[in-house]
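For reference, the structure is listed below as structure tokens.
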Amino acid sequence: MRSRRDVASAALGSALIAAVALAACSSPDAAQPGPVNATSADAGVVADASALAERACPSSSVATYENFGAPFFFSYCTGCHSSALGEGQRRNAPIGVNFDSLDDIRRMRERIWARAADKNTTMPPVGGPSDAQRELLGDWLACGAPGDDVQLDAGPIEIHVDPPPTGACADLHAAVPPASLPRCTAATLACILGCAGKPNNDACNNACLTADATPADKTTGLNCIGCYQTQLLSCVERNGCHDSLARALCCQAEKCPAGSTPDCNGTKCSGEFSAVGLCVGYRAPDCFNPGGGDLGACFAKPADAGGGG
């Protein structure tokens, strides 16, 4: 008999996978200045950067780098756009596009405005700043990004949020017991790795997992895709994203019960699932590595027959 934890894991399905896939810090065309077409990670059209020249600087603006710019970029940008991050740590943010200093920001202020200020919301890819914060960013950039350079100490960013939900939808997800691993074949892992870079990456991954014929575990009832989802959920929670995941799952339970339309999560719980993606993008990107760690434990090694008890 499957537990409430396993039911919740299976119900989440591709929604979490799709949400966190959006947590990449930029799309392939983010390195190009000016207007470009959107990709799946860059919904909408990037504005014409030159339009910042027409954007008025409000005479009432009091925003400076010290009281607004530095905290904003530290909160939403430098987790990916920092020279301290190597190529494998930037989650696709282009090498060389860094906001380490006020001078860096001033050099790229038109480009920043076209992606993150006013009504331009392609960066960060999963949201984060409020409409008011984006408008204030537009004011500050239009005024020439005034202020003096300051250094911020890395530390937790305190943001007021409602208490996490309670109940079955907010239960912690334990990892799959070692005796029940692996639950997927090595061929399935090769299939997933072959999905990398494809425009329909999420659908490709799910097709690989669903096609795996490894029998369900007799103890947990988990098959290949159940193992993948359970390990993913457990890793995400263990790396500090439990509260955002609980909000997404509880929103799904309330607004998108079984039998809902396929796009229900994306329309009724989009903010909650986007928050999971943002959290994972900063705190737990390694949870999505099928070749190692938690997810890798689901897959048999090439020499194994595959499938636990």
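Computed from the coordinates by the stated procedures, all read-outs in this text should not be read as laboratory data. All values reported here derive from a predicted model rather than from experimental measurement. Don't worry about glycine lacking a Cβ; one is built from the backbone with ideal geometry, like all the others, and counts go over all protein chains shown.
Straight-line reach only, C-alpha to C-alpha below 20 angstrom: list the lysines that Lys255 could link to, leaving out same-chain residues fewer than 8 apart. Output for Lys255: Lys268.
Dipole magnitude for segment 44-106: about 160 debye, using +1 per Lys or Arg Cβ and -1 per Asp or Glu Cβ, origin at the Cα centre.
Could you rank the peptides 166-172, 239-245 by their average count of other C-beta atoms within 10 Å per residue, with the highest value first?
239-245, 166-172
Computed 3J(HN,Hα) for segment 91-97, one whole-Hz value per residue from the Karplus formula 6.51 cos²θ - 1.76 cosθ + 1.60 where θ = phi - 60°, is 6, 6, 5, x, 4, x, 8, glycine and proline marked x. Computed from backbone phi, the HN-Hα couplings of segment 247-263 come to 5, 5, 5, 6, 5, 4, 4, 7, 9, 9, x, 3, x, 6, 5, x, 8 Hz, rounded to whole numbers (Karplus: 6.51 cos²θ - 1.76 cosθ + 1.60, θ = phi - 60°; Gly and Pro given as x). Derived scalar couplings between HN and Hα for segment 55-71 equal 7, 6, 8, x, 5, 8, 5, 10, 5, 10, 5, 5, 9, 9, x, 4, x Hz in order, rounded to whole Hz, by the Karplus curve 6.51 cos²θ - 1.76 cosθ + 1.60 (θ = phi - 60°), x for Gly and Pro.
Note on segment 51-66 and segment 196-241: Cα centroid distance 47 Å, given to the nearest whole angstrom. Taking other C-beta atoms within 10 Å as the exposure proxy, Met108, Met123 rank Met108, Met123 from fewest upward.
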